[in-house]
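The values are calculated or read from the model by the stated rules, or taken from the named source; none is laboratory data. Computed from a prediction, not measured in an experiment: that's the story for all the values here. Backbone-built Cβ (ideal geometry, glycine too); neighbour counts: all protein chains shown. Ligands, DNA and RNA are excluded from the accessible area calculation, which covers all protein heavy atoms including side chains. Shrake-Rupley method; radii C 1.70, N 1.55, O 1.52, S 1.80 Å.
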Amino acid sequence: MRLAGRLGGAAVSLLMVAVLGFFLFRVVPGDPVVSMTRGRPTTAAMQAELRTQFGLDRPLVEQFWHYFTGLLRGDMGTSFTFRRPVADVILERLGPTLLLVGTSTLIAVVLGLWLGVRAAWRRDSGFDRATTGVSLTLWAVPTFWLGMLLMMATGDLFPSRGMRDTDTAPDFVSQALDVGHHLVLPSLTLVAVVCAEYVLVMRSSLLEEMHAPYLTTARAKGLRDDLVRRRHAVPNAVLPAITLVFLRFGLVVAGAITTETVFSWPGLGLLFYDALTGPDYFLLQGLLVVTAGAVVVMNLLADVLHGVLDPRVKVV
Amino acid sequence: MIKPSLELKNLSVHYGHKRVVHDVNLALEPGQTLGLAGESGSGKSTVAMSVLRLLPRTAHVEGEILLDGDDVRTMSWGRLRAVRWASASIVFQGAMHSLNPVQRVGEQIAEPMRLHGTGGSVGELLEQVELPLGKARAYPHELSGGQKQRVMIAMALACGPRLVIADEPTTALDVVVQAQVLGVLKRLVAEQDLGLLMISHDLSVLAETCDDLAVMHRGELVERGRTREVIANPRHPHTAALTAAFPVIGDPAHRWAEPAPEPQPLLEVRDLAVDYGRTRAVDGVDLTIGRGEIVALVGQSGSGKTTLARTIMGLRTPSSGRVIFDGVEVPRKGKALKAFRRQVQLVLQDPASALNPRHTVHDAVAEGLRVHGLADDEESQVTAAVERAELRPASLYLEALPHELSGGQQQRVVIAGALVLQPRLLVADEPVASLDASVRGEIVALLLRLRRELGLASLIITHDLGLAWQIADRVAVMHQGKIVEQGSVEQVLLNPTHDYTRALLRAVPQV
Amino acid sequence: MTGFRTRWFSRVGRGDGAVGGFLAHRAGVAGAVVLAVAALVAVIAPLFIPADALDVTRVSDAPWQAPGLGHWLGTDHAGRSVALLVVQGAGTSLFVGLTAAVLSVGIGTLVGIVSGHFGGLAAGVLLRVTDFFLVLPALVLAIALSTVLPRGLGTIVLAIGLTSWPSTARMVRAQTLTIEARPFVERARALGGGHGHVIGRHVLPSVLPLVLVNATLAVASAIVAESTLAFLGLGDPTRISWGAMVHQAQLHGAVPQRAWWYLLPPGLAIVVVVLAFTLVGRALEAVVTPKR
């Protein structure tokens, strides 16, 4: 029943994402066509044609029905700047983003949780103060600025634009090495900022558990300090921390947008930037629906995972 | 000469400048059972934790703690870890939090056995505490309170220690479950010839389990002797206060209530039913409270007694049935309900949480006046109510915040806050359950005096049959949403007719 | 009358306790000092900066000058003094941060108390909506909002404020539920107190300290959000802000030119101010949350 409830909740959320995506770009002051064509020489006739082409001259309900049924088929309209279906454009940029976000999140989670556990266990030690201080500072650092600083500081050590060089040999190993080389700076930027958040989350989660009576029980049994931590404190603290990590997945998305913009990483983040500078409303709308939908799905996964891992939560 | 299994010599514990335990000397022979009694803050739990050196680092410990002749204080960490659980183990207070919530209980019982390399099986241990083997695969939250406490006991016996320390092992449990758990503990201690150091605020629990009794007061050991002798002839005034606080049912000396005036009905409950979703919490209850009468509503937790009280007060809507107050049906909403609430006031179990920590005594007592717009002459009304509740002179207390007061004083503030509206009925939910034993008697006396002087009727909700004996005119016994028996105190408590009442009475620990 | 006076004095005395508690957190105090200086600069500095000095069309100094005697933080791509730009930008960043935080915390507190105090369908729907927006990436929504609305300071404040309230709402709701479960609220109801009484006398006073903490932390994230929007070119084009400076630096190639003096100061300003708000927030949190 619980699982069905979760699935239902996620379905409602996805529906809300779709509705939000539609109205956010419709119920706005001004004419979308006017603002999209701003700065380009257009006549009233051309604008009217665009309106018809995008269906903007229809009643709102009809537009929504058209949009919604399209969405179900995977049709998100046509990009104004690319003159191609939004879905195709997004699909083609998915890979680089998955690579960047996946690598960075993995590193950030492992590093963040480990540092957080160590800091909390030796609360107020030099290590704790240093870790917390650095994390708080990194949390205050704007991602894009950090990226630009790293770029400036490393000079020519690492490539700072794009994902691969045009003159790399076509074989797999050279290509992979080249992408890896390009990946260093963007992923470092993303890890630094995201990891800081995870350290703080994990640290406070473990600190909450530090005075739990069952740890006294474990000590009384004669367990060594590190076993008390490993077997009893951490398993209890890690589960809520992981949930929080997933809940703040939006943070990673935000980080990816600015990081990709700074490093011209050809993923969804850079596409976002291109779409908003247009502005290309259909592309923006598609990106919003896709990212928000992805976050909703991630959350559902986290929920289910939490239910499987944590015996206190029942998923039947 | 037999070497004592535990010997404390001049044990003192300080936290900074605060002295928690002072110069305690105590010895426990192998196989001996010793109860350590005391109120909250008396230092009894600190003593228990010091035995396995489990106090926080901020604690400063002096003296000797000899466990089988070795001083725990000066042991190396390695030796200490070897001694923990193998020589002495602990049944902790509140099994709810003392078990790891994400580990199966079987694994938690097995952990010390593996660690200390002792034999034995989880199955045998569970059998000893009368739990089915299948429960080994359960997580703590899947067990009831009593089952969790049995798991704690099984865990404590896992490495075959010679001494078991039990720190308030039954405090959070219901009377009936408490009796069962105490039974298991008592049997195992006798069968395996274990030493037992049991810590409790409840003398009757200790009297039931331990041959010897020691009493602590403000960090000092004030009395020690055979349990029967200590309780029969307490030498220290504090011990005397503790023994007096646990009334013996049937003993006329512990019956404080004067005969009630000829009852005219004040509140009548007719065929009342209350549902929580699909569960029927209160099921067809009839109850009458006369003017100036004190009625005790007794039952286990979950019996529906609290729901009944809330419904009488108009805090919950009944599914069917009627509540009639002074001949008029209690209104369910609006101004009429608000007016009714002046007549009936609530006194809650834990006074510390019944008072907003940010409000001064004055604010707390005046709250009712302000709600009802009776704030003219607030100062004198508040003062009068506070003094009625025996906080004299009122000016000393009016500006205090709740945390600056003792538990007894806090409960008086709650009572004053009720009195200020000049109610005719007081609904008191476990009014003394969370108070220290020595204060308990004073609050009981206050409630009786209010009845005598103001003709205030009370409905006392309690699990404690002793309290009912002490204070009530009539007793109603509630079980699974129904009142199974009601009548005068003597009739119900001395000659019970219903099986459930008998079971409740049997569960009361005997001094 | 003495009653009133002693009551008043005792309250003041207790207030001192809270201030003393805050002063015990050195990092928090340092943060507060930094904020006071930043606020002072933001308010006073514009009065002394000649308008010409920041106008791209009227500046005559050479662009891309490294720090030196004339401009001790160098000049930007148009020859404006970086030092003056940073000082001027403080106002925008702080203004957006504060107003967006107030908006967001205000919405969050209202939603939190309403969904916590009142049960029923409306509260359920509110909770569902809160959870929905809590999960969504706030920045993406803020970007979408600032793209469709006309550029300007108001849009930025609205975009940040309207997308960042859910965490406050969750926190306030949880706190409201905790307070409402306390026996003293039941006692207040038994005394005859209605919704207004319970919220006004019990819930709100208990929630406010946490709201204050949340507001402080919300300013920190709002300033970061503002800088991000400005960096993406969604800021108010007529105003100088720290994020907009980094945007300009990126646009005009400060990185390839190694113009560290152009890039470093605005970013550092953000870090210092955001860190200061965070430290003050954490110190406040430590003061208002009772220790176990």
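Pairing each residue of the stretch A:119-146 that is in contact (Cβ under 8 Å) with a residue 40 or more places away in the chain and within 15 Å of A:ARG203 (Cα to Cα) with any residue that is assigned to a helix (DSSP H, G or I) and open to solvent by 60 Å² or more (accessible area, probe 1.4 Å), provided the two are 6+ apart or on different chains, yields C-beta distances under 7 Å for A:ALA119/A:PHE127.
Please pick out the residue among B:ALA179, B:ALA214, B:ALA245, B:ALA190 that is among the small types (Gly, Ala, Ser), crowded, with 16+ Cβ neighbours inside 10 Å and farther than 30 Å from B:ILE294 by Cβ.
Just one listed residue meets the conditions, B:ALA214.
Among the conditions (1) facing chain B (nearest Cβ under 8 Å); (2) open to solvent by less than 40 Å² (accessible area, probe 1.4 Å), C:ARG182 misses just one, which is (2). Within the stretch B:272-320, the set of residues being at positive phi, under 26 Å from the mean Cα position of the chain (by Cα) and surrounded by fewer than 22 Cβ atoms within 10 Å (Cβ to Cβ) comprises B:GLY302 only. Is one or more of the residues making up the stretch B:58-72 modelled with pLDDT of 90 or more, more than 17 Å from B:GLU111 (Cβ to Cβ) and either part of a helix (DSSP H, G or I) or not assigned by TED's automatic domain parsing to the domain that holds B:LEU194 (or both)? Yes: the stretch B:58-72 contains one or more residues that are modelled with pLDDT of 90 or more, more than 17 Å from B:GLU111 (Cβ to Cβ) and either part of a helix (DSSP H, G or I) or not assigned by TED's automatic domain parsing to the domain that holds B:LEU194 (or both). Applying the criterion of being more than 10 Å from chain C (Cβ to nearest Cβ) and farther than 14 Å from B:LEU419 by Cα to the residues of the stretch B:374-387, the residue that is most open to solvent (accessible area, probe 1.4 Å) is B:ASP376.
For the stretch A:157-167, a residue qualifies if it is without any contact (Cβ under 8 Å) to a residue 12 or more places away in the chain and closer than 13 Å to A:HIS182 by Cβ, and the qualifying residues are A:LEU157, A:THR166.
Whether a residue is within 21 Å of C:GLY89 (Cα to Cα), open to solvent by 50 Å² or more (accessible area, probe 1.4 Å) and assigned to a helix (DSSP H, G or I) was assessed, and C:SER227 does not pass this test. The condition of being more than 14 Å from chain A (Cβ to nearest Cβ), closer than 21 Å to C:HIS117 by Cα and either surrounded by 20 or more Cβ atoms within 10 Å (Cβ to Cβ) or under 16 Å from the mean Cα position of the chain (by Cα) (or both) does not hold for C:LEU208. Of the residues A:LEU270, A:LEU239, A:LEU244, A:LEU276, the single one that is at pLDDT below 90 and in contact with an Asp or Glu (Cβ under 6 Å, 6 or more places away or on another chain) is A:LEU239.
Listed here are the residues, each with its yes/no results for (1) outside any helix (DSSP H, G or I); (2) in contact (Cβ under 8 Å) with a residue 40 or more places away in the chain; (3) of a type outside the set (Asp, Glu); (4) buried (at least 19 other Cβ atoms within 10 Å of the Cβ).
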{"site": "B:LEU446", "(1), (2), (3), (4)": "no, yes, yes, no"}
{"site": "B:GLU453", "(1), (2), (3), (4)": "no, no, no, no"}
{"site": "B:LEU467", "(1), (2), (3), (4)": "no, yes, yes, yes"}
{"site": "B:VAL477", "(1), (2), (3), (4)": "yes, yes, yes, yes"}
{"site": "B:VAL492", "(1), (2), (3), (4)": "no, no, yes, yes"}
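Of all the listed residues (C:PRO237, C:PRO256), the sole one being more than 16 Å from C:VAL96 (Cα to Cα), open to solvent by 10 Å² or more (accessible area, probe 1.4 Å) and not in a helix (DSSP H, G or I) is C:PRO256. Residue pairs whose Cβ atoms lie under 6 Å apart, separated by 6 or more positions or on different chains, with the first residue in the stretch B:56-85 and of a type in the set (Lys, Arg) and the second open to solvent by less than 20 Å² (accessible area, probe 1.4 Å), are B:ARG73/B:ILE65; B:ARG81/A:GLY222; B:ARG84/A:ALA220; B:ARG84/A:GLY222; B:ARG84/B:LEU52.
For (1) part of a loop (DSSP other than H, G, I, E, B); (2) more than 14 Å from chain A (Cβ to nearest Cβ); (3) open to solvent by 40 Å² or more (accessible area, probe 1.4 Å), each residue gets a yes or a no:
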residue: B:THR46; (1), (2), (3): no, no, no
residue: B:PRO56; (1), (2), (3): yes, no, yes
residue: B:LEU80; (1), (2), (3): no, no, no
residue: B:ALA86; (1), (2), (3): yes, no, no
residue: B:GLN93; (1), (2), (3): yes, no, yes
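When the stretch C:240-253 is filtered for residues that are part of a helix (DSSP H, G or I), of a type in the set (A, V, I, L, M) and more than 9 Å from chain A (Cβ to nearest Cβ), the ones remaining, listed by number, are C:ALA244, C:MET245, C:LEU251. Of all residues in the stretch B:300-329, those that are under 22 Å from B:LEU374 (Cα atoms) and more than 13 Å from every other protein chain (Cβ to nearest Cβ) total 0.
Put simply, of C:ALA169, C:ALA174 the only residue that is in contact with a helix residue (DSSP H, G or I) (Cβ under 9 Å, 6 or more places away or on another chain) and buried (at least 22 other Cβ atoms within 10 Å of the Cβ) is C:ALA169. Could you look through the stretch C:106-140, keep only residues that are modelled with pLDDT under 90 and under 19 Å from C:VAL96 (Cα atoms), and pick out the one that is surrounded by the fewest Cβ atoms within 10 Å (Cβ to Cβ)? By that ranking, first place goes to C:VAL140. Going through the stretch B:335-361 one residue at a time, which ones are open to solvent by 20 Å² or more (accessible area, probe 1.4 Å), more than 16 Å from C:VAL198 (Cα to Cα) and either in a helix (DSSP H, G or I) or touching a helix residue (DSSP H, G or I) at 6+ places or on another chain (Cβ under 7 Å) (or both)? Matches in the stretch B:335-361: B:LYS335, B:ALA336, B:ALA339, B:ARG342, B:GLN343, B:ASP350, B:ALA352. Evaluated against (1) within 24 Å of the chain's Cα centre (by Cα); (2) more than 17 Å from C:GLY192 (Cβ to Cβ), B:VAL347 falls short on exactly one condition, (2).
Which of the helices (runs of 4 or more DSSP H) found entirely inside the stretch A:194-290 contain at least 3 residues meeting this: facing chain C (nearest Cβ under 10 Å)?
On the way: elements: A:213-220, A:234-247, A:249-263, A:268-277.
Here the list reads A:249-263, A:268-277.
Each row is one residue, and each column tells you yes or no for (1) away from chain C (no Cβ under 14 Å); (2) open to solvent by less than 40 Å² (accessible area, probe 1.4 Å); (3) within 23 Å of A:PHE23 (Cα to Cα).
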position	(1), (2), (3)
A:VAL61	yes, no, yes
A:SER79	yes, yes, yes
A:THR132	no, yes, no
A:LEU136	no, yes, no
A:ASP156	no, no, no
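Restricting to the stretch C:141-153, name every residue that is open to solvent by 20 Å² or more (accessible area, probe 1.4 Å) and either out of contact with any Asp or Glu (no Cβ under 9 Å at 6 or more places or on another chain) or within 7 Å of another protein chain (Cβ to nearest Cβ) (or both).
So the first thing to find is which residues in the stretch C:141-153 are open to solvent by 20 Å² or more (accessible area, probe 1.4 Å), and the list is C:145, C:149-151, C:153.
Those that are open to solvent by 20 Å² or more (accessible area, probe 1.4 Å) and either out of contact with any Asp or Glu (no Cβ under 9 Å at 6 or more places or on another chain) or within 7 Å of another protein chain (Cβ to nearest Cβ) (or both): C:LEU145, C:LEU149, C:PRO150.
Scanning the stretch A:161-168 turns up no residue that is within 14 Å of chain C (Cβ to nearest Cβ), polar (S, T, N, Q) and open to solvent by less than 40 Å² (accessible area, probe 1.4 Å).
Give the residue that is nearest to the other protein chains (Cβ to nearest Cβ), with candidates limited to residues of the stretch B:350-373 that are of a type in the set (A, V, I, L, M), within 29 Å of the chain's Cα centre (by Cα) and closer than 15 Å to B:GLU399 by Cα.
First, the residues of the stretch B:350-373 that are of a type in the set (A, V, I, L, M): B:352, B:354-355, B:361, B:364-366, B:369, B:371.
Narrowing further to those that are within 29 Å of the chain's Cα centre (by Cα): B:352, B:354-355, B:361, B:364-365.
Right, trim to closer than 15 Å to B:GLU399 by Cα and you get B:355, B:361, B:364-365.
On the way: B:LEU355: 6, B:VAL361: 11, B:ALA364: 8, B:VAL365: 11 Å.
For the stretch B:350-373, the residue satisfying everything is B:LEU355.
For the stretch C:72-104, the tally of residues that are among the hydrophobic types (A, V, I, L, M, F, W, C) and open to solvent by 10 Å² or more (accessible area, probe 1.4 Å) stands at 12.
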